[in-house]
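Notes follow once the structure below has been shown.
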Amino acid sequence: MRKKITVKTTTFLLLLISFFSYGKEDPAKEEKNAEIKAYIQHHLQDSYDFNLYSVTDDNGQIHHRGFPLPVILWDNGLKVFSSSKFHHGEAVAKAGGNYYKLDHGKIYKTDASGIINYDESHHATNVKPLDFSITKSVVMILITCILMFLLFKGLGRSYAKNGGIAKGVGRFFEPIVLYIRDDIAIPNIGEKHYKRYMSYLLTIFFFIWFLNIFGLTPLGVNVTGNIAVTTALALLTFLITNLTANKNYWKHIFWMPGVPVPMKVILAPIELLGVIIKPFSLLIRLYANMQAGHIVLMSLIGLMFIFKSWIGSSLSFGLSFAISLIEVLVALLQAYIFTMLSALYFGFAVEEHDHEEAH
Amino acid sequence: MEKLLEQFSVGLFFWQTVLFIALLFLLKKFAWKPILNAINEREEGIRDALTSAEKARREMENLQADNQKLLQEAHAEREAMLKEARDMKNKMVADAKEEAQAQASKMIEQAQAAIESEKKAAMAELKSHVAGISLGIAEKVLRQELSNKDKQIELVESMLGEAILN
């Protein structure tokens, strides 16, 4: 999995480099390339303010339009201030006697002049305070949570009101709920135990799906393409799997039944590793897919501005349009895969079988 | 990997976990339970309705079969009753005939007996009457005949001849 990302990233970087080398002769073009690259990188990262759009005025000054978000730091006490104090990374923010500065989308503690020291590999050596800021991603997660809550609460109520029949938007979501129950939960977990996991599976499916779709909107908030978010989701699957597991599951990990004793000894660490690799693959898969999708899509959109010729631009427009459609599919597919695999792991955890027969 | 670790934001992780778990429990309470329960209830309702419809259909069939059976039984009974009535009628007719025959023959017998006894009585009367008349005649004849000698002999002879013939 890790290799896959590296391959993807290098391919992408090579592509970008080739574009850069192509445009080397024209300094204006090069500048444009650098700008697009920075823009894509900026977009892929979380940010402390909600940027809606940016404009360049007549003097070549870039203005970011959007709204600031609260920054919450834990640095010898709680520090709360508006992200507008950073002036998009250009200014030093002063809060409670400490100074903070943004560098590559991260908050560092600095002195009053805002100097950030770098080591040989261009990593900032300043202290990073514990950061619990309401970032753009957190806002999107919050919006998704509220939206989902209102949507599904309304759906739940409409059943009670209409005598067990969904109405309106529920007509669209009910088949999906049923699909998750009948084709994901029941076949993987089994008729006996599936009910315990339904809430989690439904929530995670719609949560990932909605966030993936939000990622494709022009606001382009790359939440599910953020490693922290996918880690949090995969960690929950990991915890639920191992906390609800029965003794069969643990027996299969530590003392595989039906194989000779030396094999049992060899299998135990492999199985134990598998326990961690399974959710790890979940988090990397979702992260890599969404990240890659965003990179490809934004690069293709960026190409339109690089080519600036009607053939090249319209070609890349067509391409980015096609990729957008694929990304809509991928958004659903990744939500489905995450849910499906979570259900599969839960199924392993509660599986009950006769060892004599099964092996 | 290093880049990934660098990108990892503890704050975002924290908020994601907190918000997601909150969402999970809220949705579980307010959405998934009512939705899944409603769907389950509806499905059970449909299943129940289908089974009860099937049951009703079967009952209907049974009822029809019962009706058919009853009808057949009624037919059979009617048939039996008719047969019995016919038999009874035949028997009655036969009995009546027999009795009439017997009565008739008895009457005929009685009549015959009566006729016989009448005849006997009449015969006896006739006999006595004839005897009386014969005696009277014989007296007269004898009175006459005895007056004439020859005639007496002739008579005795004829009578004797008759007696021998008898």
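What's the longest bit of chain A with no exposed GluC sites (Glu not before Pro), using DSSP loop states and at most 11 other Cβ atoms within 10 Å as the test?
Numbers: sites that count: A:Glu25, A:Glu90, A:Glu120, A:Glu191, A:Glu352.
Counting at most 11 other Cβ atoms within 10 Å as exposed, the longest clean stretch of chain A is A:192-351.
How much accessible area is lost when chains B and A come together, counting both sides, with a 1.4 Å probe, in Å² rounded to the nearest 100?
Values: alone 15740 and 20540 Å², together 32430 Å².
Heavy-atom accessible area buried at this interface is about 3800 Å².
Between A:Phe254 and A:Leu333, what is the label-point separation in nm under the 7 Å Cα-to-beta-carbon projection?
Reported label-point gap for A:Leu333 and A:Phe254 is 4.1 nm.
Go ahead and estimate [θ] at 222 nm for chain A from helices alone: -39,500 (n - 2.57) per DSSP H run with n ≥ 4, summed, over the residue count, rounded to 500.
-21000 deg cm²/dmol
What percent do you get for the relative contact order of chain A when only Cα pairs under 8 Å and 6+ apart count? It would help to have the intermediate numbers written out before the result.
Details: 419 pairs, mean separation 60.2, N = 359.
For chain A, the relative contact order is 17 percent.
Suppose a student asked you for the relative contact order of segment A:137-350, using Cα pairs under 8 Å spaced at least 6 residues apart; what percent would you report?
Details: 193 pairs, mean separation 63.7, N = 214.
Normalised by residue count, the contact order of segment A:137-350 is 30 percent.
Which of the residues in segment A:173-191 show a loss of at least 50 Å² in accessible area from their chain by itself to the complete set of protein chains, at a probe of 1.4 Å?
The answer is A:Arg181 - residues whose exposure falls by at least 50 Å² when every protein chain is included.
Rounded if a/c is under 1.5, else prolate if a/b beats b/c, else oblate: with a ≥ b ≥ c from the C-alpha gyration tensor eigenvalues square-rooted, which is segment A:55-134? Before the final figure, lay out each step's value.
On the way: a/c = 2.11, a/b = 1.28, b/c = 1.64.
Oblate, since a/c reaches 1.5 and b/c is not below a/b.
If you take every residue apart from B:Asp95 with its C-beta less than 14 Å away from the C-beta of B:Asp95, what net charge results, scoring Lys and Arg +1 and Asp and Glu -1?
Neighbourhood net charge equals 0.
Please give the solvent-accessible surface of A:Tyr53 in Å², to the nearest 10, using a probe radius of 1.4 Å with every protein chain present.
120
Can you give me the accessible area per residue for segment B:16-165, using a 1.4 Å probe, in Å²?
Working: 12560 Å² over 150 residues.
Value for segment B:16-165: 84 Å² per residue.
How many angstrom lie between the Cα centre of segment A:289-359 and the Cα centre of segment B:58-123?
Each part's Cα centre sits 100 Å from the other's.
Report D for chain B in µm² per second (integer): Stokes-Einstein, Kirkwood Rh on Cα pairs, 20 °C, 1.002 mPa s.
Working: Rh = 30.8 Å.
In µm²/s, the coefficient rounds to 69.
Using R₀ = 45 Å, calculate the FRET efficiency as 1/(1 + (r/R₀)^6) where r is the Cβ-Cβ separation of B:Asn148 and B:Gln103; round to 0.05.
On the way: r = 64 Å, r/R0 = 1.43.
Efficiency at R0 = 45 Å is approximately 0.10.
Just to confirm my numbers, what's the Cα centroid distance between segment A:144-196 and segment A:25-56 in Å?
Rounded to whole Å, the Cα centres lie 41 Å apart.
Along the charge dipole of segment A:137-350, Cβ charges K/R +1 and D/E -1, which of A:Val330, A:Ala292, A:Thr241 sits furthest on the positive end?
The listed residue farthest towards the positive side: A:Thr241.
Rounded to the nearest 20 debye, what is the charge dipole size of segment B:16-165 about its Cα centre when +1 sits on each Lys and Arg Cβ and -1 on each Asp and Glu Cβ?
Details: 23 positive and 26 negative charges, 240 e Å.
About 1160 debye.
Once you have the Cα-Cα distance between B:Met81 and B:Glu162, take 0.36 nm times their residue separation minus that, and quote the gain in nm to one decimal.
On the way: separation 81, 0.36 × 81 = 29.16 nm, distance 7.82 nm.
Value of the extension gain: 21.3 nm.
Roughly speaking, to the nearest percent, how much of chain A's 1.4 Å accessible area is carbon and sulfur? Before the final figure, lay out each step's value.
Values: 12390 of 18710 Å².
Heavy-atom surface of chain A belonging to carbon and sulfur, 1.4 Å probe: 66 percent.
Which positions within segment A:135-150 get 40 Å² or more of their accessible surface covered by the other protein chains, compared to the chain by itself, with a 1.4 angstrom probe?
Output list: A:Val138, A:Ile141, A:Cys145, A:Phe149.
Given A:Lys278/B:Lys3; A:Lys136/A:Lys161; A:Lys37/A:Lys109; A:Lys85/B:Lys29; A:Lys192/B:Lys33, which pairs have Cα atoms separated by over 29 Å?
Values: A:Lys278/B:Lys3 22 Å; A:Lys136/A:Lys161 37 Å; A:Lys37/A:Lys109 27 Å; A:Lys85/B:Lys29 40 Å; A:Lys192/B:Lys33 17 Å.
Result: A:Lys136/A:Lys161; A:Lys85/B:Lys29 exceed 29 Å.
Determine the dipole magnitude for the protein assembly as shown: charges of +1 sit on the beta-carbon of Lys and Arg, -1 on that of Asp and Glu, nothing else is charged, the reference point is the Cα centre, and the result goes in debye to the nearest 20. Present the calculation step by step, with values, prior to reporting the outcome.
Details: 56 positive and 55 negative charges, 475 e Å.
The calculated dipole for the protein assembly as shown is roughly 2280 debye.
Please work out the average accessible area per residue across chain A, using the 1.4 Å probe convention, and give it in Å². Present the calculation step by step, with values, prior to reporting the outcome.
Values: 18710 Å² over 359 residues.
I get 52 Å² per residue for this part.
Tally Lys/Arg at +1 and Asp/Glu at -1 over every other residue whose Cβ is under 13 Å from the Cβ of B:Asn67; what's the total?
Here the count lands on -3.
If you roll a 1.4 angstrom probe over the protein chains with everything in place, what fraction of the accessible area of segment B:16-165 belongs to carbon and sulfur, to the nearest %? The partial results should precede the final answer.
Working: 7690 of 12560 Å².
It is 61 percent, rounded to a whole number.
Give the ranking of A:Val261, A:Val55, A:Val71 by solvent-accessible surface, highest area first, calculated with a 1.4 Å probe. Don't skip to the end; give the middle numbers.
On the way: A:Val261 85, A:Val55 50, A:Val71 0 Å².
Largest accessible area first, the list is A:Val261, A:Val55, A:Val71.
Using only the Cα atoms of chain A, what do you get for the radius of gyration and for Dmax, in Å?
Rg, Dmax (Cα atoms, Å): 24.5, 79.
By a straight-distance test (C-alpha under 27 Å), which lysines pair with B:Lys106 as possible cross-link partners, with residues fewer than eight away in the same chain excluded?
Straight-line reach from B:Lys106, under 27 Å: B:Lys89, B:Lys91, B:Lys97, B:Lys119, B:Lys120.
The values are calculated or read from the model by the stated rules, or taken from the named source; none is laboratory data. In this text the structure is predicted, and so the values were computed from the model without any measurement. Because the Cβ atoms are built from the backbone with ideal geometry, glycine has one as well, and the counts that use them run over all protein chains shown. Each accessible area value is taken on the protein alone, full model and side chains, heavy atoms only, with ligands, DNA and RNA left out. Shrake-Rupley method; radii C 1.70, N 1.55, O 1.52, S 1.80 Å.
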